[in-house]
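For reference, the structure is listed below as structure tokens.
The values are calculated or read from the model by the stated rules, or taken from the named source; none is laboratory data. Just so you know, these numbers come straight off a predicted model, no measurement behind them. Cβ: placed from backbone, ideal geometry, glycine included. Neighbour counts: every protein chain shown.
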Amino acid sequence: MTRSLLAIRHMSIDDIGTLLDLAADFKRKVATGEPLPQLTGKSLGLMFFEDSTRTRVSFEQAASHLGLRTANFAASSSSMNKGETLKDTILTLRYEGLNGLVIRHRESGSPILAAKFFGGPVINAGDGAHEHPTQALGDAMTILERKGRLSGLKVAIVGDVEHSRVARSNYWLLSKAGAEVRFVGPRTLLPESTSHLRAMAYNDLLSGLDGVDVVMALRLQKERMTGGLLSSTQEYAKLYQVGKEAMRYAKSDVLVMHPGPLNRGIELDDFAADGDASAITTQVQNGVFARMAALYWAFRADEGAKVKVAEAAS
Amino acid sequence: MTILLKNGRILDPSTGRDETGSVVIKDDQIAAVGENAACENPDEVYDCTGYWICPGLVDPHVHLREPGEEHKETIVSGTQAAAAGGFTNVCCMPNTKPALDNPALIDFLLDRAASPEAGGVFVAPVGALTKGMGGQHLTDLAALKRAGIVAASDEGFPIQNARVMKQAMEFCFQLDLPIMAHCEDQSLAEGGCMNEGGVSALLGLRGIPRTAEEIAVMRSCLLSLNTGCRVHIMRVSTWGSVEIIRLMKSLGAPITCEISPMHFSFTEEAVGEFDTRFKVSPPLRTQADIDLLLQALSDGTIDCIASDHSPHAAHEVDVPFASAPFGASTLEAVVGAALTHLTHTGVLTPLQTIDKLSSTPAEILHLDAGTLAVGETPVAQATVIDPNFEWTFDRRKMSSKSRNTPFDGCAFRGKALLTFCGGEIYRDADFPEEERYKSAEMV
């Protein structure tokens, strides 16, 4: 039995907890050299319709640790350029015998469509502005390591929230875990309505950072903005850069995070990016473990809520 | 040949008639209507006890997709769907491929609609306002009118330039042609795929702000007031649009408007998990909008109901939400949705419901339809509705070539069972023939 990981929004706090436990356990095992459970004989398609090095490599690493065979599909050489629909592409992969699918796509909702037709576990590696579940899992893992808890923390997500799947997945995971989430950014880059994404919205950075435990700065997505949402990156940096001065408004032990890739000097200054408060490199490391957890959880759904992690390599 | 529709509730908004009685159709004409209507030796008798007998329903807004997109629908299949939905008259939109911007295409359309395989309903063509729907150069509207258009429209390609629209209105005023206006400001709407609000934020989809519609509605109303051209605003979806229309009507603008059953049946929440069946333009809005739209139906601010029948082939809608085309195949669900959500909830009386589905659209477009009065229509047009029939809409039973409908699985109370245009053109499978139909041969 298998299951898909499509959106944090759909998941219970129990499932999230299981995934975080798995990820932490994998991290420990990799560090100590203990054997990892193997998904022997299973193949995983990595379908990346959008450019990505970091996420794809992260998934490849994760798959490799678990003994999964991977097959890579890049957008530029995809049959979809010949006019094939996404549905037909998914069906082709299914009938070619791939056991699992990791999919990143420009359009929100694509993994849900893929899961309808694939017939096996589908992992969402980022769909439009909708969700990036494994990023949020990795980020939660990082916060847990540094803060010891999620519940009760104040987290500010700063930047282009409107277009950010990282913001949405993190909002859901942190809210479900009992943290207070804030969105901070210019009005044009925050969602028009917070009726369904119930975070406090701040247009002023300093008020938004007031007393927060964690700041997540989002990449200014130049390719996703069309026409007039911002006047210039300089103006944005003046108003919303998380830097030494702004960090004074947060708690003294504030954690600074960024999903990468970083536009240095725009979203963060060097102090924020490289100082002791920064967890950026840990985020990258934990991304691999979070993806291992996601793959294992998806392929081994029959093992119930508490997955047996002490499984020797077969 | 004489047909007797016996003992039903006659609802004729054109004369205000609401009484139990019968309708006699003789040699394709309405021969008698009312309590005392009778005839000798009818060839066919339909027992309409408990049913409504209405003027044939009129849909001012359908897309028949031919020429150019016959994989979605053809004139033949679309008119069959119309008959199945209880309609005897549909106005078909010009955004075909090529667009209906020249008289030869109008001739073609009328020809196809009259062919024996077609549904047997009248098709009233709506001509393109601009050549190729390009929004720049006016078409030869006088020639199109001679060919048979009943209105002109920028449907699907809303004219963004106010000067072009003003000049179009000046010509249409002169020709006594109403303009059916697609009210959408594309600088606000472009790239959007659903209502800008809580659900679009949740799903990470680009939204269409309500102002995209309202700004364009206001512009159309002001230009109508200014030029005197009759303007019919298509598909209102927001409370703001309704307020604007109400205000501008009170100032004397010769405007009318319509609502599609999508917009009074569903909110944006129906999109759920990226369900493309609920992707429509304008998009589904909120409950607050529906509440005020229903009020506007009651008080007459919204003049009529239109299906905006927009068929799309299956492979076109099984795609990610943002890429999917807008629109749903709705002709066969209009009556069910209207009776369920408007009549049985008390928003409209039965007579008002039929008015919005028949007499008023006929009046707006100056069609010889929407009435059961003797001698008023070239051919008898009548629809028999069982207002209490409970059924579940099943997309597998549709006559339309395309099954992209949000109404699949919806529970309705009220169904059109018989459609007459001249003679009988449609008999629903749920019409109890055994008990209610007798032909002279059978006796």
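Things to note:
Matching residues to (1) more than 19 Å from B:A338 (Cα to Cα); (2) of a type outside the set (A, V, I, L, M):
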residue	(1), (2)
B:I10	no, no
B:P13	no, yes
B:S22	yes, yes
B:A37	yes, no
B:Y46	yes, yes
B:G50	no, yes
B:V62	no, no
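- Test: residue in region B:381-390 that is surrounded by fewer than 16 Cβ atoms within 10 Å (Cβ to Cβ) and either among the polar types (S, T, N, Q) or touching a Phe, Trp or Tyr at 6+ places or on another chain (Cβ under 9 Å) (or both): yes
- Applying the criterion of at least 3 residues that are over 23 Å from B:S200 (Cα atoms) and without any contact (Cβ under 8 Å) to a residue 24 or more places away in the chain to the helices (runs of 4 or more DSSP H) found wholly in region A:31-144 leaves A:54-65, A:86-95.
- Count of region A:41-92 residues, restricted to those that are within 21 Å of A:F289 (Cβ to Cβ) and within 14 Å of chain B (Cβ to nearest Cβ), is 0.
- Test: B:I259 is at pLDDT 95 or above, surrounded by 23 or more Cβ atoms within 10 Å (Cβ to Cβ) and closer than 18 Å to B:E184 by Cα: yes
- Check on A:E162, assigned to a loop (DSSP other than H, G, I, E, B), among the charged types (D, E, K, R) and either within 18 Å of the chain's Cα centre (by Cα) or away from every other protein chain (no Cβ under 14 Å) (or both): yes
- Screening region B:359-443 for strands (runs of 3 or more DSSP E) wholly inside it with 3 or more residues that are free of Cβ contacts under 8 Å to residues at least 60 places away in the same chain returns the ranges B:381-392.
This table checks each residue for (1) in a helix (DSSP H, G or I); (2) surrounded by fewer than 19 Cβ atoms within 10 Å (Cβ to Cβ); (3) touching a His at 6+ places or on another chain (Cβ under 9 Å).
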| position | (1), (2), (3) |
| --- | --- |
| A:A237 | yes, yes, no |
| A:S252 | no, yes, no |
| A:V256 | no, no, no |
| A:P259 | no, no, yes |
| A:F271 | yes, yes, no |
| A:N286 | yes, no, no |
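- A:V214 vs. criteria among the β-branched types (V, I, T) and over 16 Å from A:E162 (Cβ atoms): yes
- Tally of residues being out of contact with any His (no Cβ under 9 Å at 6 or more places or on another chain) and either at the interface with chain A (Cβ under 8 Å from one of its Cβ atoms) or assigned to a helix (DSSP H, G or I) (or both) across region B:171-199: 11
- So B:I244, is it out of contact with any strand residue (DSSP E or B) (no Cβ under 7 Å at 6 or more places or on another chain) and without any contact (Cβ under 8 Å) to a residue 40 or more places away in the chain: yes
- Residue satisfying all of: in region B:291-335; of a type in the set (D, E) and away from chain A (no Cβ under 14 Å); nearest to B:R235 (Cα to Cα) among these: B:D308
- Total residues in region B:60-114, condition on the phi > 0 side of the Ramachandran plot and either of a type in the set (V, I, T) or surrounded by fewer than 24 Cβ atoms within 10 Å (Cβ to Cβ) (or both): 1
- Residue among A:L101, A:L113 that alone is away from every other protein chain (no Cβ under 11 Å) and aliphatic (A, V, I, L, M): A:L101
- Residue tally, condition small (G, A, S) and either away from chain B (no Cβ under 14 Å) or in contact with a strand residue (DSSP E or B) (Cβ under 6 Å, 6 or more places away or on another chain) (or both), over region A:190-231: 7
- Some residue of region B:393-406 being of a type in the set (V, I, T), at pLDDT 95 or above and buried (at least 24 other Cβ atoms within 10 Å of the Cβ): no
- Selection from region A:116-155 of residues that are within 14 Å of chain B (Cβ to nearest Cβ) and more than 15 Å from A:T85 (Cα to Cα): A:V122, A:N124, A:G126, A:D127, A:G128, A:A129, A:H130, A:E131, A:H132, A:P133, A:Q135, A:A136
- The condition of being farther than 26 Å from B:V334 by Cβ and within 24 Å of the chain's Cα centre (by Cα) holds for only one of B:D275, B:D185, that being B:D185.
- Search result, residues across region A:273-284 that are under 18 Å from the mean Cα position of the chain (by Cα), more than 14 Å from A:T134 (Cα to Cα) and not in a loop (DSSP other than H, G, I, E, B): A:S278, A:I280, A:T281, A:T282
- Residue match in region B:171-189 (condition: hydroxyl-bearing (S, T, Y) and surrounded by 19 or more Cβ atoms within 10 Å (Cβ to Cβ)): no
- Residue in region B:200-209 that is nearest to B:V280 (Cα to Cα), counting only those that are at the interface with chain A (Cβ under 7 Å from one of its Cβ atoms) and in a loop (DSSP other than H, G, I, E, B): B:L205
- Considering residues of region B:416-443 that are surrounded by fewer than 20 Cβ atoms within 10 Å (Cβ to Cβ) and among the aliphatic types (A, V, I, L, M) only, the residue nearest to B:V121 (Cα to Cα): B:A429
- Only one entry of A:S193, A:S231, A:S175 meets the criterion of being of a type in the set (S, T, Y) and part of a helix (DSSP H, G or I), and that entry is A:S175.
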